1. Are there any pairs with C-beta distances below 8 angstrom linking a residue in the range 4-31 that is farther than 20 Å from Leu51 by Cβ and without any contact (Cβ under 8 Å) to a residue 60 or more places away in the chain to a residue that is outside any helix (DSSP H, G or I) and among the basic types (Lys, Arg), with the two at least 6 apart or on different chains, and if so which?
2. Condition check: of a type outside the set (Lys, Arg) and either modelled with pLDDT under 80 or open to solvent by 90 Å² or more (accessible area, probe 1.4 Å) (or both). Does Ile9 satisfy that?
3. Might you check whether a residue that is over 22 Å from the mean Cα position of the chain (by Cα), charged (D, E, K, R) and open to solvent by less than 80 Å² (accessible area, probe 1.4 Å) occurs anywhere in the range 36-43?
4. Right, Gly19: at positive phi and not acidic (Asp, Glu) or not?
5. Those residues that are more than 19 Å from Gly6 (Cβ to Cβ) and either modelled with pLDDT under 90 or surrounded by 10 or more Cβ atoms within 10 Å (Cβ to Cβ) (or both), I need them from the range 60-74; list them, please.
6. Just checking, does the range 41-64 include any residue being in contact with a Ser or Thr (Cβ under 6 Å, 6 or more places away or on another chain) and in a strand (DSSP E or B)?
7. Within the range 44-59, how many residues turn out to be open to solvent by less than 90 Å² (accessible area, probe 1.4 Å) and either β-branched (Val, Ile, Thr) or in contact with a strand residue (DSSP E or B) (Cβ under 9 Å, 6 or more places away or on another chain) (or both)?
Amino acid sequence: MSQKFGTAISGSLVALLLGLSGFISGTDPDTGKTIVTITDPVAVNEMIWLLFSIFPAIIACIMIGLLYIYPIKK
C-alpha cells in the first residue's frame, strides 16, 4: 500500500509543479508535433531550487520522525 501511495503522491506532485510553472502542452494540427510552452521561466528556476533543497529536507525530517516513533528492531 505504501508503494502505491508514494507513486500516487509523486505523480500528483509532478503535475502540480508543472502547472505552477506555466507548462502548456499541445499538438500542432498541421504537423502533428507536440508543442511545449513554459509561460513563466522564473518559476521554473525557483522550482528547481525547491526540488533540490526544501522538499528533500522535509522528507528527511518526516522519515527521521517516523524512525523515532517506529524504531527498526531485529
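1. Correct list of pairs: Thr27/Lys33.
2. Working: of a type outside the set (Lys, Arg): yes; either modelled with pLDDT under 80 or open to solvent by 90 Å² or more (accessible area, probe 1.4 Å) (or both): no.
So Ile9 fails the test.
3. First, pick out the residues of the range 36-43 that are over 22 Å from the mean Cα position of the chain (by Cα): none.
Among the residues of the range 36-43, not one is over 22 Å from the mean Cα position of the chain (by Cα), charged (D, E, K, R) and open to solvent by less than 80 Å² (accessible area, probe 1.4 Å), which makes the answer no.
4. In short, no.
5. Of the residues in the range 60-74, the ones more than 19 Å from Gly6 (Cβ to Cβ) are 68, 71, 73-74.
Pro71, Lys73, Lys74 - these are the residues of the range 60-74 that are more than 19 Å from Gly6 (Cβ to Cβ) and either modelled with pLDDT under 90 or surrounded by 10 or more Cβ atoms within 10 Å (Cβ to Cβ) (or both).
6. Kept after step one, since they are in contact with a Ser or Thr (Cβ under 6 Å, 6 or more places away or on another chain), are these residues of the range 41-64: 43-44, 47.
In the following step, the residues that additionally are in a strand (DSSP E or B) were identified as none.
Scanning the range 41-64, I find no residue that is in contact with a Ser or Thr (Cβ under 6 Å, 6 or more places away or on another chain) and in a strand (DSSP E or B), so the answer is no.
7. First, the residues of the range 44-59 that are open to solvent by less than 90 Å² (accessible area, probe 1.4 Å): 44, 47-48, 50-51, 53-58.
In the following step, the residues that additionally are either β-branched (Val, Ile, Thr) or in contact with a strand residue (DSSP E or B) (Cβ under 9 Å, 6 or more places away or on another chain) (or both) were identified as 44, 48, 54, 58.
Total meeting the criteria: 4.
The values are calculated or read from the model by the stated rules, or taken from the named source; none is laboratory data. Remember, predicted model here, so these are calculated numbers, not experimental data. No Cβ is skipped: glycine too gets one built from the backbone with ideal geometry, and neighbour counts run over all protein chains shown. The area values use the complete protein model at the heavy-atom level, side chains included, leaving out ligands, DNA and RNA. Shrake-Rupley method; radii C 1.70, N 1.55, O 1.52, S 1.80 Å.
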